[in-house]
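The values are calculated or read from the model by the stated rules, or taken from the named source; none is laboratory data. In this text the structure is predicted, and so the values were computed from the model without any measurement. Cβ placement follows ideal geometry from the backbone for every residue including glycine, while neighbour counts extend to all protein chains displayed. In case anyone asks, the SASA skips ligands and DNA or RNA and just uses the protein heavy atoms, side chains included. Shrake-Rupley method; radii C 1.70, N 1.55, O 1.52, S 1.80 Å.
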Amino acid sequence: MTSAHQTMQDLAEPARQLRAEIPDVIDAYATMQRAVIVDGALPAKVKELIALAISATRECDGCIAAHARRVARQQASPAEVAEAMGVVVMMNGGPGTVWGPRAFAAYQEYSAEQ
């Protein structure tokens, strides 16, 4: 992964093109995301930390960039993100030692803007 910002820029045009082809699907996905990432039994910040950990587990650069930005906006601390990445390492072993740091770096990139 280059930078989280670059990943998001690289995906912007293809995402726009896909949205033009399947707007109902993309809208439904966005609606689901808004319904899930709200305070409930789990705070929205915790849900975003879970999403970031899953993103690293799935080795998805675009997902990492998006959820790292949202985790930073939720004002997660570096310690909270680091512990979530510890779970990534525990669950994924060696690949977690690659993708966990990538997710942490993406968080740091967006956190610096907050």
inquiry  = Of everything in the range 46-74, what is open to solvent by less than 50 Å² (accessible area, probe 1.4 Å) and charged (D, E, K, R)? Give them in sequence order.
reply    = K47, E48, D61
inquiry  = Are there helices (runs of 4 or more DSSP H) fully within the range 1-95 with at least 3 residues that are in contact (Cβ under 8 Å) with a residue 24 or more places away in the chain and within 24 Å of E113 (Cβ to Cβ)? List them.
reply    = 4-21, 44-57, 61-73, 78-92
note = The residue that is most open to solvent (accessible area, probe 1.4 Å), considering only those in the range 1-45 that are closer than 17 Å to Y110 by Cα and of a type in the set (S, T, Y), is T2
message = Take Q108 and tell me if it is in a loop (DSSP other than H, G, I, E, B), of a type outside the set (A, V, I, L, M) and either out of contact with any Ser or Thr (no Cβ under 6 Å at 6 or more places or on another chain) or closer than 19 Å to Y29 by Cα (or both).
response = no
